[in-house]
Every structure is written in structure tokens, then in C-alpha cells.
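One structure is given here, and the rest of the page talks about it.
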Amino acid sequence: MSENKFYNQNIKELLVQFSSDSQRGLSEKMAQDRLLSDGPNALNQAKKTTLLQKFVNQFKDFMIAILAVAAVIAAMTGEVVDAVFILLVVILNAIFGVFQESKAEDAIAALKKMSTPNANVRRGGKVVSVPADQLVAGDIVLLEAGDIVPADLRLIEVNSLKIEEAALTGESVPVEKSAAILKAKNPGIGDRHNMAFMNTNVTYGRAVGMIVATGMKTEVGHIASMLEQTDETATPLQINLKQLGKSLTYLILFISVIVFAIGMIKGAESWINMLLTAISIAVAAIPEGLPAIVTITLALGTGRLAKKNALMRRLAAVETLGSTEIIGSDKTGTLTQNKMTVEKYVVNNQIFDAVDPIQKNAAAEKLAVVMALNNDTKMTEDGLLGDPTETALISFNEKQDQDLERLFDKMPRVAEIPFDSERKLMTTVNKNAAQYLITVKGAPDELLRRTSKIDLNGKAVALTEENRQQLLTINHELAQQALRVLAFAYQNVKEVPGRLTSKAVEKDLVFVGFVAMIDPERPEVAQAVEQARQAGIRPIMITGDHKDTAAAIARRLGILTAQQGPEAIITGAQLDQIPDEQFEDKVAQYSVYARVAPEHKVKIVNAWQKRGKTVAMTGDGVNDAPALKAADIGIAMGITGTEVSKGASDMVLADDNFATIVNAVKEGRTVFSNIQKALQYLLSSNLAEVMTLFVMTILGWNLFVPVMILWINLVTDTFPAIALGLEPAEPGIMDRQPRGKESSFLSGGVGSAIIWQGIVQSLTVLSVYALALAYPDHAGNNELVHLDALTMAFMTLGLMQLVNAFNVKSIYQSIFKVNPFANKYFNFAILFSLLSMAIVVLIPGLNGLFHVSDLNSHQWLIVLAASFSIVIVVEVVKLFERLILKKK
């Protein structure tokens, strides 16, 4: 983006600076030379990531790397089946990641697609059509309604020009343009009224402008540069998994070294056997199913969100929703409908709601006629086409059951004086039987200066000073509510002046009424904002719209609370005056940001992130893209959103419904909670296995053979853990405060539960082994006694893990309060795992393969009693934990 302040410069000076001529434009040779030196009027292409690169990138995760190393170690120690299983998990995880990210963001390319294909320019004194990418600085461009601005222009001539800039600035209504030099030294983009910006839409009027910036030097190019410089934000899930992977690795290595050292000191085994034992313990301790379980849980959450109109572009972002603490939302098209709507009308010095019928109100019926005739909206089969303000007026008439086609046929337009920004009025002349009806609409103060009468109950009477002041008071009252007020007047004349000028016809008018409009809030948003607050999430508004309008909408939605005053609102210009380090301390003070530029949005997101908050940013325009990419989770609108905003986002709302975000947050919290449950189950189980093997090694007892550990890991770890990812949301999950970035998967009591539940399981298994040795069923046969003891310990370890899976359905709640059998997939998984464990002992042919004996009823009773004892222990501990929490 050029640092030149073209809006402060005289157009004659600019023409000299760019060696151009407003009437003739550039010569063809000069244009070609400039194209060669400056390059095409296009945005830089982002580098493409191939499928192979995406696949390789999946293996950069720390946990995945550890699993890959574990697979190699397993293969080296002869555990080929274990190695194959781990590698299969790793590869499937990578495939899931590539599949989800195959539609990776390409925001710069999306920006490029928005470029207009051709533009009308003056070259060598002729008007020619030139491809947009061939335009250069100094070209004189002709604009008219329906055009897309091809580059950044300094306007030279303006005729009633209005440009819709919502996608760039967030302005909810088209901006009126002029060619006058701006006096303000550093106006925001939305206030540069003598500039037209690349990829914005001309909705009304005509203009001539000179290109002052092309390609990456334009305002849109500036946004593209910001997108290139903005790094991907790691999700809390990715950070947690990385930290967990490192912690587990260090712990596993420590335990393995201790086991090796103790074995060598005892001298019971050779160093090579002890090394293999230590490595076996390490492999057993690694939760190889965790990445697959996390991926599957996220994928299932993504599917559920898609059914609720929330489309995820990044798999890991599902969980990020659950940790969201700040939602920074764009106003136009996100919190509001991006559709100007008549909210109130004023006749007979009284304010009426737009839904109040105009029938049997003579003044209101007259107002409806004037607003319909003084209007350039085109009625087509595809809907209303025209300026949003004017289409709102026609829409109001249609809702009042006015027969507009009959009105237009009866009173055709014969002349007009177009709107211009200086007099702020528009006038039409319509044939009305033997006379003519002059209609005028515009700014209330300007129109009231030209009125001498007022229509009261259908009769034109003199406009008294008292009436005038009353109308000005009403206008002020409506403006205070951030409503855009238009005034309407008329005059019946017998003939049209020969020279139709403002001075000739815009005088002695009859005031008929006001119409107050606004881009209204979406009806469901206020409730969604309240739900977000209950969930501990703070919503803030970040918009390019005017301060008063933003504040009014924010108050109507509850984003600005009754306790918050003007100090909670700040503009982009004011934000520029606050250094970044100071703003970080003050950011919590503000709930509404108005007239902001794209860099302001990124500054706001960064400030909250530096305070340790997880930030979600919603938006639909080009101007939102950098902030969407910088946020922990960017949320784009699917219907009104630009391809740029969608490309820079992590999630797209298919229905553009802010309330969908609240549902998505609930799903995100459920996903995290379910991953925690699966993790608690896996790690407590693995800890039990490691501790059992560790103590057996120290005591010199027979160890589980590798096939036993592999079978337990396969049938008791994987399937129930995956099924835990399908658990329904716990009651009250949206009444909890966000967990924040400082928390991890081990927070909230999960870490301690893993440790003590793992210890309890290990002690129980060891007790069963010791009991079987102390009271053998085959006394005298030492080999069979040890085989029975090992079999009973093996079955207790497997079955106890499956029983404990029910306990982890809730960290603190009793198993009997959360309906342990509500999840049918979990029930099937437990049943399958139980049968898989049982057949190893019950089917004679498998006994030898798994090195187990056939247990009798007495031994089975001990195994089952020991396995179910974990329920009693956990229930007692949970009871004490609930009592402690209640006291706090």
C-alpha cells in the first residue's frame, strides 16, 4: 500500500505527478512502459502446498514422531505385530489430517479471483475497454453503477456516486463520494470520500478517477500482504498434545532406565534381557492409540457441527471452540442482516413502528406514495435491484400491500434532479392526471429549510415554528438510536418549470414525514450473546461502521451492558494513538471498536492473545481476513462472506447465524471433555500396566509376555477410548467457565485421577497375583501355580480397565448419575472388549498362544470381584471430591 496521502492532494498536482491527462489519459506507449516497470495489476499468488507436502507435515507432530520411534523399537525387539499396529495408527492419523486440510486456505488466490475482468479507461483520448490486470497508475477510469472498481482511484469527477465498501471497511450502507480534497490528515479508509478502492462495488451514479495504486500497492493488496505475514496460530489442542507428548516421553524414559538399572543391580537377568524388558515397558507405556482417538473424536465432532451449519476447515479447530474466551465479531452481515430496513416512520408529528399499517392514515399513505415515486429501485424477477436505502423503502411499501406497479403506471416519472452530496436531496417529477407531483427526499435539516407547509391528516397546513422544532426534536431522538433518517416532502404543480433546477422546484414544499432505517440485528443474536456470557465468553464488536451506529446495535444485542458507558467504545483513530504495549493493558476496557481498519482488528486480536486469552474472530469481508487468520479460530460467514474471509478462516457458518457459534462452542467443549475422558482412560490403564510390570520386575515375578500386553492394548485400550469420544455433552457444560490457554488435558482433576486410578488398578492386579501364589488351586505344581497367578493378573488387568471406563464418563459425578449406558457405541465397545478378553481363556485353542491357563469358577470369582472393586474405590473418592468442591 502506498504511503502517499492522495486524498490530501490537489488533483492537478496528481495528474502532473503521474504524467497523466484527465481528458486524454495515458498514451498507449506510456501505459505499456509503466506495465513493464510496475508489473500487472494483480495480487501475489500464494505458494501451493502439494498433497505429498501436506502428508509429510502430519509427521512433524511430536507425539507422532515418538510413536514412529516406538514402532522402530518394537520391530527391533521382535514385536512385529506391535510395530505394524503403531505404524498403521500413525499413517491413518496422517490420512485423516490430509483429508480434512485438502481444502487448505488460499486467501491470496481468493483475493485475486475477485478482480474485475475489464474496465473502461481513457487511452490516447479514446475510451477503451482494458483487462483489469493491464491497468497502470495514471490510467483514467470511467465508473458507473454496476461496475467493480478495478484499482485504487483518486476521484476527479463525481456525479451522485455511491460505492458499497462493506467487504473492505465494514460500512453497512454505500458511501457517498466526492472529488473534494480532504482536510483530515489521517482519515480511516471508510472516511476517504474522494477515493475508490479496488474490488468495491459502484451502486449509484457515475465518476471519473485516476489510478493511484495497483496490485499489491492497493488497500486490498495491503490486506493480502498482511495475510502473507500472518503466521498460522497453533490451536490449544496442538499445544496440549505437544506438551503431553514431551512429558510422557520423559516419564517413560525415566521409568525404563530405572527398571534397567534395578534389574542389572539385582543381577537376575542378562543386560540384553533387561534392555529388552525396559524397551517393552516403554512401548507398553506409550498410548499409541491416542492420536487416532483424538483424530476420530475431532472428525466425529466435525460431522456433528456440519449438521448444525458449522463447517470446519481445520480438524484441530473443533476443540479450540471449547476454549474460546473472547469472540470478536464484525457487525455488518454478522450481528446484523446487512440489509437496510425501515424501522420507524413519522407522520402527523408522531412516531410509528414500521409494522404499523398505513391504511386509514392519510398522511402515512401520502408518505408511502412519495417514497415509492422518489426511488430508482428496479423491480425484477430476481428481486429488488438498486441502492440499499432505496430498496428498503420499496420493501416497506410491499409489506404495506401497496400496488406499486399500478402507482408507477398511473404516475410516470417525467423529470428528475439526481441526488448530490452537496445539497443532499433528490427530486422527481411525476405526471398526475392534469397536473404534476414533485417529490423530494433527503437529509432532514436540508429538506426542512425548503418546506413551508406540513401534511397533517392528509391536509397541507402552514408549518409553524413549533412544528418545525418538534420535527427537529424527533429527528434528533431517532438519530440518537443510530437510525438513518430520511425526510420526504412533495408539491403539486400545474406545469414543470422549463429549466428544472434545485432553486426552481425545491422550495415551498409540503413536509409529509420521516422514515428511519437501520441495518437491523439478527433476531437470534441477542439470545446467543446472552448464552455466550453465561458460558464465560466475552463478545466484543469490531466494525468499520460509525461509532453511534455500532454502539446502538451493541446495546440492543447486550454486547454493551447497562453498566458500560462511552468509555467502553473506541474508534480506530483513537486506537492509533495507543501504543501496543499500553493497549494490551487497556484492551479489557473496550467492548465496541468502530471505524477500524484491518490492521486494527489484528491489533485487537493480538492484544487479547498476549493476555493469555483464546480468541475467536468472526467476519465476512475482505477486511476481516487478516484478523480471522491471526485469531485462535477464525469464523467466516458462508452466505454473505467473501471467498477471502472463508479462505482465511478455520470455520465457516453455513447459515451466517451468530447463534450457530454458541452451538459450536458447546460441541467444542464436548469434544475436549471427551478427549480428556479417553486420555484419562488410556493413561490410567497404561500407568497400571507399567507399574505392574515395574513391580513384577523388582520382585522377580513372572512377567506378562509381549502378546498379553499387545492384546490388552488392542482390545481394552482402543475401542472403548474411541467410543468415549462419542459421549453426549454433560449437563451444565455451557455453565462452566472457559478453561483458558493455561489449562491442559490433565487439568481439572484429570491428572490426579490418572495417577491414583492407575495406582489402584496396579495394586489390585498385584494383589490378585500375590493371592493366587499364596492360595494356589494347584498346590505342588509350581509351574501351573505361576501360570494361574499370571492368568488371573492378566484378566484382572484387562477387565478392571474396562470397568474403569465407566468411571471416567465424568471426573466428579457419580457413575449412577450420568447414565452409564446412554452411549450405545460405548456399550458395544465394552461388550466386544469383554468377549475378546474372555475368549483368550475360555477357548482352549487360544490358551497356548496367549500363555494362559483355564481358570475355574473360584478363580473367576476373584478376578471379577477385583475388577469391579475399582467402582467402589472411585465412587468413594468422587464423593469426597464433591464435598471438598462444595465447601469451596
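Only the coordinates and a few stated rules stand behind these numbers; no lab work does. Bear in mind that the values here come from a model prediction, so they are computed numbers and not experimental data. FYI the Cβ positions are ideal-geometry reconstructions off the backbone, even for glycines, and counts take in every protein chain you see.
Among the aspartates and glutamates, select those whose C-alpha is under 18 Å from the C-alpha of residue 308, and discard any that sit fewer than 8 residues away in the same chain.
319, 524, 650, 655, 656, 667, 727
I need the phi-derived Karplus couplings for segment 335-350: 6.51 cos²θ - 1.76 cosθ + 1.60, θ = phi - 60°, integer Hz, Gly and Pro marked x.
Along segment 335-350, the couplings run 8, 10, 8, 6, 8, 4, 9, 5, 9, 9, 9, 10, 9, 6, 6, 10 Hz.
Using mean Cβ contacts within 10 Å as the protection proxy, how do 660-667, 324-331 order, highest first?
Ranking the peptides 660-667, 324-331 by packing returns 324-331, 660-667.
Mind running the shape call on segment 621-661? Use the C-alpha gyration tensor, a ≥ b ≥ c as the square roots of the eigenvalues: rounded below 1.5 for a/c, prolate if a/b tops b/c, oblate otherwise. Please list the in-between numbers first.
On the way: a/c = 2.15, a/b = 1.31, b/c = 1.64.
It is oblate, given that a/c is not under 1.5 and a/b is not larger than b/c.
Can you list the aspartates and glutamates whose alpha carbon sits under 17 Å from that of residue 453, skipping same-chain ones fewer than 8 residues off?
Cα-Cα hits under 17 Å: 445, 465, 466, 506, 508.
Hey, got the Cα dimensions of segment 341-518 along the principal axes, in Å, largest first?
38, 35, 34
What's the local net charge at residue 153, with K and R +1, D and E -1, over the other residues with C-beta under 14 Å away?
Values: positive: 122, 154, 177, 192, 206, 217; negative: 139, 144, 147, 152, 157, 165, 219.
It works out to a net charge of -1.
Helix hunt in the chain: which complete DSSP H runs extend at least 30 Å axially by C-alpha with mean Kyte-Doolittle at least 0.5?
Going by DSSP H runs, the hits are 80-101, 236-266, 658-699, 750-774, 782-807, 857-887.
On a 30 Å Cα-Cα criterion, which of the cross-link pairs 185/424; 629/809; 185/331; 666/886; 339/610; 601/886 come out too long?
Listed pairs above 30 Å: 629/809; 339/610; 601/886.
Binning at 10 angstrom from zero up to the longest distance, how are the C-alpha pair distances of segment 576-669 distributed in percent?
Percent of Cα pairs in each bin: 17, 46, 31, 7.
I want to check the label-to-label distance for residue 872 and residue 398. Put each point 7 Å from Cα in the C-beta direction and report it in nm to one decimal.
Computed distance between label sites residue 872 and residue 398 equals 7.4 nm.
Using per-residue counts of other Cβ atoms within 10 Å, averaged over each peptide, order 844-853, 630-639 from highest down.
The packing order, highest mean first, is 630-639, 844-853.
Residues with beta-carbon under 13 Å from that of residue 362, excluding residue 362: net charge, scoring Lys, Arg +1 and Asp, Glu -1? Before the final figure, lay out each step's value.
Details: positive: 360, 366, 459; negative: 365, 455.
Computed value for this residue: +1.
Once you charge only the Cβ atoms, +1 for Lys and Arg and -1 for Asp and Glu, what is the size of the charge dipole of segment 815-888 about its Cα centre, to the nearest 20 debye? Please report the intermediate quantities before stating the final value.
Numbers: 7 positive and 3 negative charges, 140 e Å.
So the dipole magnitude of segment 815-888 works out to roughly 680 debye.
Can you list residues from other chains, or at least 5 along the same chain, whose modelled amide H is less than 5 Å from the amide H of residue 123?
Residues meeting the criterion, in which the H sits 1.01 Å from N, are 128.
Where does each of 249-258, 542-551, 813-822 land if you order them by average Cβ count within 10 Å, highest first?
542-551, 249-258, 813-822
Need one word for segment 678-718: rounded, prolate or oblate. Basis is the Cα gyration tensor (sqrt eigenvalues a ≥ b ≥ c); a/c below 1.5 gives rounded, then a/b vs b/c decides.
oblate
Once amide H atoms are built 1.01 Å from N in the peptide plane, which residues 5 or more positions from residue 156, or in another chain, come under 5 Å H to H?
The answer is 208, 209, 210.
Above 21 Å lies some portion of the pair distances; for segment 731-888, what is it as a whole percent of all C-alpha pairs?
55 percent
Given that just one value was derived from the coordinates, which of (1) 208; (2) 297; (3) 189 is volume of the Cα convex hull per residue in Å³?
The calculated read-out lines up with (1).
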